[in-house]
Amino acid sequence: MTYPTPAFKITLDDQDITAKFAPRLVSLSLSECRGEESDQLDITLTDADGKLAIPRRGARINVQIGWTDSGLVDKGIFTVDEVEHSGVPDLLTLRARTANLIDTFRQINEYSFSNTTVGGIIEAIAFRQQLQAGVSEALRNIQVKHMDQTRESDAAFLRRLGKRYDAAATVKNDMLIFMPAGRSKTPSGKDLPTIQITRRLGDSHRFHTAERDSYTGVRAFWHDVNHGGLRRSVVAGIPGNTKRLRTTYTTEFDARTVAVAEWQRIQRGQATFEMSLALGNPALIPQSPVNVSGFKAEIDSMDWLAAKVTHNISDGGFTSRIELETRAEEVEIEREDEVDRDPGITGVIAKWRDLVTKKSGQELEPTTGARKHKKSLAGANANPKTLPRIYASRQTAQHAAKSEWAKITERRNVIKENNADDKLDSSVV
């Protein structure tokens, strides 16, 4: 069996140095990230004869990688910011990064943005960094009433802006790109091609899922100036066990935007999948939609998105390692009512009927105790709410009752808090 031959092309300050580097190459590693971290290129060369010149910091490297039989993929331009010479044996190591965490992106700035858009902010930052701007159509026209960059680097400000809109900022080929973190599109709006990966292409994998942050949604608060500054809330996802954001926002639009962004981020972190490919795939990039097959049914059925890709070329060949996360589903968001939807309800009843065992019954929340010694809390039986659905098992009925009661109690707590805040505001005035 014949194996394909790895190939690469390297230019340094627009000069093709591939022929000089190829016989000296020990390893080439390229990490491509979605945001916050810069893409990083590491090249290690042998300098046994002492004839290699040390490149200057700030030199620009363009790298293309792939296979001799299928061609090369351009991975963009990197700036050299670290050089190391070591021995024995004598080795020269170059480390180059994209511009988003280098030089001027680290400098502290102070700017204010008023009555503009997300696209306008990105264009302003790109202009002062001498870059082009590439903003997703989904984000470009979002209105921004006011936002301050106070003693904050552009890199830090972009991370904060990205968290607010669930987006990622990166620099590729002298362009500042601002894209939704969970979308598989180019800045121009074109869909990225789906990458198909079967188990036989890999030599190791790791799937992980956890329920540590088993939130049902995200709640954000805002002040309704049309009703005397009344404190209200919106929920992205489902009320019940929501993550509550600390900041109270000035408008409902801001609260909705941040709640949706945070809920999408939480959804993407519910499961991760890492895999090493024995034969590297240069087409893999962050944001690539990925379908996997040949693993467990639960893994194969998930909708995956590439978060980080690392390519390696050495004597061992060309390999790729990918880190995947689940894609976020469409988010439903609602404004919370200022009145109790279930007045007087003291508990929730869910009925069940097991078609296999022919057993039936009902579950009541709230209860206290453990195992067989559960008992209803005081008042729970006084005026319970009965769910209309008949569940297929006792466990699903119990879960439904708990979830519904959690929604009721959380909504009541929010209303109580808001009323307390209103009284406090009135007393201060």
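The values are calculated or read from the model by the stated rules, or taken from the named source; none is laboratory data. The structure presented is a predicted model; accordingly, all values stated were derived computationally and were not measured. Here the Cβ is made from the backbone with ideal geometry for all residues, glycine too, and neighbour counts use every protein chain on show. The area values use the complete protein model at the heavy-atom level, side chains included, leaving out ligands, DNA and RNA. Shrake-Rupley method; radii C 1.70, N 1.55, O 1.52, S 1.80 Å.
When Gly182 is tested against (1) surrounded by 18 or more Cβ atoms within 10 Å (Cβ to Cβ); (2) at pLDDT 80 or above, exactly one condition is not met: (2). Examine region 7-21 for a residue that is more than 32 Å from the chain's Cα centre (by Cα), open to solvent by 30 Å² or more (accessible area, probe 1.4 Å) and closer than 11 Å to Leu92 by Cα, and state whether such a residue exists. Checking region 7-21: not a single residue is more than 32 Å from the chain's Cα centre (by Cα), open to solvent by 30 Å² or more (accessible area, probe 1.4 Å) and closer than 11 Å to Leu92 by Cα.
Scan region 122-135 and tell me whether some residue there is over 30 Å from Ile43 (Cβ atoms), among the acidic types (Asp, Glu) and open to solvent by 10 Å² or more (accessible area, probe 1.4 Å). Looking for residues that are over 30 Å from Ile43 (Cβ atoms), among the acidic types (Asp, Glu) and open to solvent by 10 Å² or more (accessible area, probe 1.4 Å), one finds at least one in region 122-135, hence yes. The number of residues in region 53-66 being closer than 30 Å to Leu279 by Cβ and either among the hydrophobic types (A, V, I, L, M, F, W, C) or open to solvent by 80 Å² or more (accessible area, probe 1.4 Å) (or both) comes to 4. Scoring Ser276 on the criteria (1) under 17 Å from the mean Cα position of the chain (by Cα); (2) open to solvent by less than 40 Å² (accessible area, probe 1.4 Å); (3) among the hydroxyl-bearing types (Ser, Thr, Tyr) leaves a single failure, condition (1). The C-beta contact set for region 375-387 (first residue over 12 Å from Glu363 (Cα atoms), second residue loosely packed, with under 12 Cβ neighbours inside 10 Å and β-branched (Val, Ile, Thr), distance under 6 angstrom, 6+ apart or interchain) comprises Leu377/Thr368.
Across region 33-51, the qualifying residues are those that are more than 18 Å from Ser314 (Cα to Cα) and open to solvent by less than 40 Å² (accessible area, probe 1.4 Å), and the one among them that is modelled with the lowest pLDDT is Gly35.
Listed here are the residues, each with its yes/no results for (1) within 21 Å of the chain's Cα centre (by Cα); (2) free of Cβ contacts under 8 Å to residues at least 60 places away in the same chain.
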| site | (1), (2) |
| --- | --- |
| Leu139 | yes, yes |
| His146 | no, yes |
| Ser153 | no, yes |
| Arg164 | yes, no |
| Ile177 | yes, yes |
| Ala181 | yes, no |
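Does at least one position in region 141-161 carry a residue that is closer than 30 Å to Ser403 by Cβ, surrounded by 14 or more Cβ atoms within 10 Å (Cβ to Cβ), of a type outside the set (Ser, Thr, Tyr) and in contact with a Ser or Thr (Cβ under 9 Å, 6 or more places away or on another chain)? Taking every residue of region 141-161 in turn, none turns out to be closer than 30 Å to Ser403 by Cβ, surrounded by 14 or more Cβ atoms within 10 Å (Cβ to Cβ), of a type outside the set (Ser, Thr, Tyr) and in contact with a Ser or Thr (Cβ under 9 Å, 6 or more places away or on another chain). Applying the criterion of being among the acidic types (Asp, Glu) and touching a helix residue (DSSP H, G or I) at 6+ places or on another chain (Cβ under 8 Å) to the residues of region 208-253, the residue that is modelled with the lowest pLDDT is Asp213.
Among residues that are touching a residue at least 60 places away in the same chain (Cβ under 8 Å), of a type outside the set (Ser, Thr, Tyr), within 30 Å of Lys20 (Cβ to Cβ) and surrounded by fewer than 15 Cβ atoms within 10 Å (Cβ to Cβ), Asp69 is included. Just one of the numbered conditions (1) on the phi < 0 side of the Ramachandran plot; (2) touching a Ser or Thr at 6+ places or on another chain (Cβ under 7 Å); (3) open to solvent by 20 Å² or more (accessible area, probe 1.4 Å) is not true of Phe105: (3). Within region 249-260, does at least one residue satisfy the condition of being in a strand (DSSP E or B), open to solvent by less than 70 Å² (accessible area, probe 1.4 Å) and aliphatic (A, V, I, L, M)? Within region 249-260, not a single residue is in a strand (DSSP E or B), open to solvent by less than 70 Å² (accessible area, probe 1.4 Å) and aliphatic (A, V, I, L, M).
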